[in-house]
1. For residue 95, all conditions in the list (1) more than 9 Å from the ligand (Cβ to nearest atom); (2) modelled with pLDDT of 95 or more; (3) more than 18 Å from residue 5 (Cβ to Cβ); (4) surrounded by 12 or more Cβ atoms within 10 Å (Cβ to Cβ) hold save one; what is the number of the exception?
2. Any residue in region 19-33 that is modelled with pLDDT of 95 or more, over 17 Å from residue 114 (Cβ atoms) and aromatic (Phe, Trp, Tyr)?
3. Being more than 16 Å from the ligand (Cβ to nearest atom), among the small types (Gly, Ala, Ser) and at pLDDT 95 or above, is that true of even one residue in region 137-144?
4. Considering only residues that are more than 14 Å from the ligand (Cβ to nearest atom) and surrounded by fewer than 17 Cβ atoms within 10 Å (Cβ to Cβ), which ones fall in region 116-129?
5. Of the numbered conditions (1) more than 21 Å from residue 31 (Cα to Cα); (2) at pLDDT 95 or above; (3) polar (S, T, N, Q), residue 80 satisfies every one except a single condition; which is it?
6. Restricting the first residue to region 10-29 and requiring it to be in contact (Cβ under 8 Å) with a residue 12 or more places away in the chain, which pairs with a second residue that is part of a loop (DSSP other than H, G, I, E, B) meet a Cβ separation below 7 Å and a spacing of at least six or different chains?
7. Would you confirm whether or not region 77-84 contains a residue that is in contact with a Gly (Cβ under 8 Å, 6 or more places away or on another chain) and either among the small types (Gly, Ala, Ser) or within 20 Å of residue 143 (Cβ to Cβ) (or both)?
8. Would you be able to tell me the number of residues in region 21-60 that are within 18 Å of residue 139 (Cβ to Cβ), in a loop (DSSP other than H, G, I, E, B) and touching a helix residue (DSSP H, G or I) at 6+ places or on another chain (Cβ under 7 Å)?
Amino acid sequence: MLDEWLRHYAGQNRRRDTAATWVIADRNDVVVAYASVAMTGIDRSAAPDALSTGAPDPVPALLLGRLAVDRRHANLGIGTALTAHVLATAVELNEKAACRAVVVTVLNTSARGWWEQLGFHPFEPDDPDVLDLYLLISEIQATLRRTQ
Ligand SMILES: CC(C)(COP(=O)(O)OP(=O)(O)OC[C@H]1O[C@@H](n2cnc3c(N)ncnc32)[C@H](O)[C@@H]1OP(=O)(O)O)[C@@H](O)C(=O)NCCC(=O)NCCS
(Lines give C-alpha, C1' and ligand atoms only; values in the text may rest on other atoms or scores of the structure.)
Protein backbone atom coordinates (compact mmCIF):
# COMPACT_ATOMS: atom_id res chain seq x y z
CA MET A 1 0.00 0.00 0.00
CA LEU A 2 1.19 3.49 -0.75
CA ASP A 3 1.19 5.94 2.10
CA GLU A 4 -1.56 8.08 3.51
CA TRP A 5 -0.30 11.26 1.87
CA LEU A 6 -1.72 10.26 -1.48
CA ARG A 7 -5.09 9.40 0.01
CA HIS A 8 -5.46 12.49 2.18
CA TYR A 9 -3.47 15.31 0.65
CA ALA A 10 -2.92 14.81 -3.09
CA GLY A 11 -6.47 15.89 -3.96
CA GLN A 12 -6.41 18.84 -1.55
CA ASN A 13 -3.13 20.06 -3.00
CA ARG A 14 -4.48 19.78 -6.53
CA ARG A 15 -7.69 21.66 -5.71
CA ARG A 16 -5.69 24.42 -4.02
CA ASP A 17 -3.17 24.56 -6.89
CA THR A 18 -0.29 23.91 -4.51
CA ALA A 19 0.98 20.59 -5.91
CA ALA A 20 0.19 18.30 -8.83
CA THR A 21 0.39 14.54 -8.36
CA TRP A 22 1.15 12.13 -11.20
CA VAL A 23 0.02 8.58 -10.70
CA ILE A 24 0.84 5.24 -12.34
CA ALA A 25 -1.90 2.65 -11.85
CA ASP A 26 -2.19 -0.99 -12.83
CA ARG A 27 -4.89 -2.40 -15.10
CA ASN A 28 -7.28 -2.52 -12.12
CA ASP A 29 -6.70 1.17 -11.37
CA VAL A 30 -4.69 0.34 -8.26
CA VAL A 31 -1.98 2.96 -7.74
CA VAL A 32 1.53 1.51 -7.94
CA ALA A 33 3.50 4.77 -7.91
CA TYR A 34 3.08 8.49 -7.63
CA ALA A 35 5.08 11.69 -7.87
CA SER A 36 4.06 15.08 -6.57
CA VAL A 37 5.48 18.30 -8.01
CA ALA A 38 5.18 22.04 -7.39
CA MET A 39 6.97 25.19 -8.45
CA THR A 40 9.43 26.49 -5.89
CA GLY A 41 12.09 29.12 -5.36
CA ILE A 42 15.56 28.32 -4.05
CA ASP A 43 17.17 30.74 -1.61
CA ARG A 44 20.06 32.04 -3.69
CA SER A 45 22.34 32.53 -0.68
CA ALA A 46 22.05 28.81 0.16
CA ALA A 47 22.47 27.58 -3.41
CA PRO A 48 25.65 26.20 -4.96
CA ASP A 49 27.29 28.32 -7.69
CA ALA A 50 25.87 26.16 -10.49
CA LEU A 51 22.38 27.22 -9.37
CA SER A 52 22.97 30.78 -8.19
CA THR A 53 25.33 32.28 -10.78
CA GLY A 54 23.46 34.82 -12.86
CA ALA A 55 20.13 33.80 -11.34
CA PRO A 56 17.50 35.90 -9.54
CA ASP A 57 16.64 35.40 -5.87
CA PRO A 58 14.86 33.08 -5.39
CA VAL A 59 16.10 30.83 -8.18
CA PRO A 60 13.10 29.38 -10.08
CA ALA A 61 12.90 25.59 -9.82
CA LEU A 62 10.55 22.62 -9.80
CA LEU A 63 10.21 20.72 -6.52
CA LEU A 64 9.76 16.97 -6.75
CA GLY A 65 8.08 16.83 -3.36
CA ARG A 66 7.21 13.16 -3.18
CA LEU A 67 8.01 10.03 -5.11
CA ALA A 68 6.90 6.60 -4.02
CA VAL A 69 6.70 3.18 -5.64
CA ASP A 70 4.75 0.32 -4.07
CA ARG A 71 7.30 -2.15 -2.66
CA ARG A 72 5.63 -4.99 -4.57
CA HIS A 73 6.63 -3.22 -7.79
CA ALA A 74 10.14 -2.17 -6.75
CA ASN A 75 13.16 -2.42 -9.05
CA LEU A 76 11.08 -2.59 -12.22
CA GLY A 77 12.15 0.83 -13.44
CA ILE A 78 8.88 2.51 -12.41
CA GLY A 79 10.54 5.09 -10.13
CA THR A 80 13.02 5.94 -12.88
CA ALA A 81 10.26 6.24 -15.50
CA LEU A 82 8.16 8.51 -13.28
CA THR A 83 11.17 10.68 -12.49
CA ALA A 84 11.97 10.88 -16.21
CA HIS A 85 8.43 12.13 -16.81
CA VAL A 86 8.86 14.83 -14.16
CA LEU A 87 12.21 15.85 -15.67
CA ALA A 88 10.68 16.11 -19.15
CA THR A 89 7.90 18.25 -17.63
CA ALA A 90 10.53 20.54 -16.10
CA VAL A 91 12.10 21.03 -19.54
CA GLU A 92 8.68 22.03 -20.94
CA LEU A 93 8.06 24.41 -18.04
CA ASN A 94 11.43 26.00 -18.61
CA GLU A 95 10.54 26.64 -22.23
CA LYS A 96 7.20 28.23 -21.32
CA ALA A 97 8.24 30.14 -18.20
CA ALA A 98 11.62 29.62 -16.52
CA CYS A 99 12.90 26.83 -14.34
CA ARG A 100 16.59 26.42 -13.66
CA ALA A 101 16.58 23.08 -11.87
CA VAL A 102 14.62 20.24 -10.36
CA VAL A 103 15.11 19.91 -6.61
CA VAL A 104 14.29 17.07 -4.25
CA THR A 105 14.67 16.45 -0.53
CA VAL A 106 15.38 12.76 -0.20
CA LEU A 107 13.90 10.69 2.62
CA ASN A 108 17.21 9.58 4.10
CA THR A 109 20.89 9.26 3.24
CA SER A 110 20.50 5.71 1.92
CA ALA A 111 18.06 6.97 -0.74
CA ARG A 112 20.60 9.58 -1.90
CA GLY A 113 22.47 7.12 -4.10
CA TRP A 114 19.34 6.45 -6.11
CA TRP A 115 19.07 10.13 -7.04
CA GLU A 116 22.77 10.54 -7.63
CA GLN A 117 22.79 7.74 -10.19
CA LEU A 118 20.20 9.85 -12.08
CA GLY A 119 22.63 12.78 -12.07
CA PHE A 120 21.31 14.76 -9.07
CA HIS A 121 23.90 16.64 -7.00
CA PRO A 122 23.83 17.42 -3.28
CA PHE A 123 23.53 21.11 -2.37
CA GLU A 124 26.61 20.60 -0.18
CA PRO A 125 28.88 18.02 -1.83
CA ASP A 126 31.17 17.72 1.20
CA ASP A 127 28.37 16.83 3.61
CA PRO A 128 27.38 13.13 3.39
CA ASP A 129 24.25 13.81 5.47
CA VAL A 130 22.74 16.49 3.24
CA LEU A 131 19.33 15.51 1.85
CA ASP A 132 18.71 18.40 -0.55
CA LEU A 133 19.65 17.55 -4.14
CA TYR A 134 19.29 19.31 -7.49
CA LEU A 135 19.58 18.63 -11.21
CA LEU A 136 20.04 21.55 -13.60
CA ILE A 137 17.63 21.80 -16.51
CA SER A 138 20.70 21.86 -18.76
CA GLU A 139 21.64 18.40 -17.43
CA ILE A 140 18.26 16.76 -17.92
CA GLN A 141 18.70 15.61 -21.52
CA ALA A 142 21.77 13.59 -20.51
CA THR A 143 19.78 11.93 -17.69
CA LEU A 144 16.85 11.21 -20.00
CA ARG A 145 19.17 9.58 -22.54
CA ARG A 146 20.58 7.32 -19.80
CA THR A 147 17.13 6.27 -18.59
CA GLN A 148 15.74 5.28 -21.98
C1 LIG B 1 13.37 5.17 -4.41
C2 LIG B 1 12.21 4.53 -5.18
C3 LIG B 1 11.31 5.63 -5.71
C4 LIG B 1 12.81 3.72 -6.35
O5 LIG B 1 11.73 3.19 -7.12
P6 LIG B 1 11.92 1.88 -8.04
O7 LIG B 1 10.81 1.86 -9.03
O8 LIG B 1 12.08 0.67 -7.20
O9 LIG B 1 13.32 2.20 -8.75
P10 LIG B 1 13.82 1.75 -10.18
O11 LIG B 1 13.31 0.38 -10.48
O12 LIG B 1 13.54 2.80 -11.19
O13 LIG B 1 15.40 1.72 -9.94
C14 LIG B 1 15.97 0.63 -9.29
C15 LIG B 1 17.47 0.66 -9.51
O16 LIG B 1 18.06 1.61 -8.62
C17 LIG B 1 19.04 0.93 -7.84
N18 LIG B 1 19.06 1.52 -6.51
C19 LIG B 1 18.12 1.38 -5.54
N20 LIG B 1 18.47 2.08 -4.44
C21 LIG B 1 19.66 2.68 -4.75
C22 LIG B 1 20.55 3.51 -4.03
N23 LIG B 1 20.28 3.90 -2.79
N24 LIG B 1 21.67 3.92 -4.65
C25 LIG B 1 21.94 3.55 -5.92
N26 LIG B 1 21.13 2.75 -6.64
C27 LIG B 1 20.01 2.32 -6.06
C28 LIG B 1 18.58 -0.52 -7.80
O29 LIG B 1 19.67 -1.38 -7.54
C30 LIG B 1 18.08 -0.70 -9.22
O31 LIG B 1 19.17 -0.86 -10.11
P32 LIG B 1 19.08 -1.88 -11.37
O33 LIG B 1 17.98 -1.32 -12.26
O34 LIG B 1 20.43 -1.79 -11.98
O35 LIG B 1 18.72 -3.18 -10.79
C36 LIG B 1 11.42 3.54 -4.29
O37 LIG B 1 12.31 2.60 -3.74
C38 LIG B 1 10.63 4.17 -3.15
O39 LIG B 1 9.44 4.45 -3.30
N40 LIG B 1 11.26 4.37 -1.98
C41 LIG B 1 10.60 4.95 -0.82
C42 LIG B 1 10.33 6.41 -0.99
C43 LIG B 1 11.56 7.18 -1.36
O44 LIG B 1 12.68 6.90 -0.92
N45 LIG B 1 11.34 8.21 -2.17
C46 LIG B 1 12.39 9.05 -2.64
C47 LIG B 1 12.56 10.27 -1.76
S48 LIG B 1 11.28 11.45 -1.94
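The values are calculated or read from the model by the stated rules, or taken from the named source; none is laboratory data. Worth saying up front: this structure is predicted, and the values here are computed from it rather than measured. Please note: Cβ atoms are built from the backbone with ideal geometry, for glycine as well, and neighbour counts cover all protein chains shown.
1. (4) is the only condition that residue 95 fails.
2. yes
3. Checking region 137-144: at least one residue is more than 16 Å from the ligand (Cβ to nearest atom), among the small types (Gly, Ala, Ser) and at pLDDT 95 or above.
4. 124, 125, 126, 127, 129
5. Failing condition for residue 80: (1).
6. 13/19
7. Checking region 77-84: not a single residue is in contact with a Gly (Cβ under 8 Å, 6 or more places away or on another chain) and either among the small types (Gly, Ala, Ser) or within 20 Å of residue 143 (Cβ to Cβ) (or both).
8. 1
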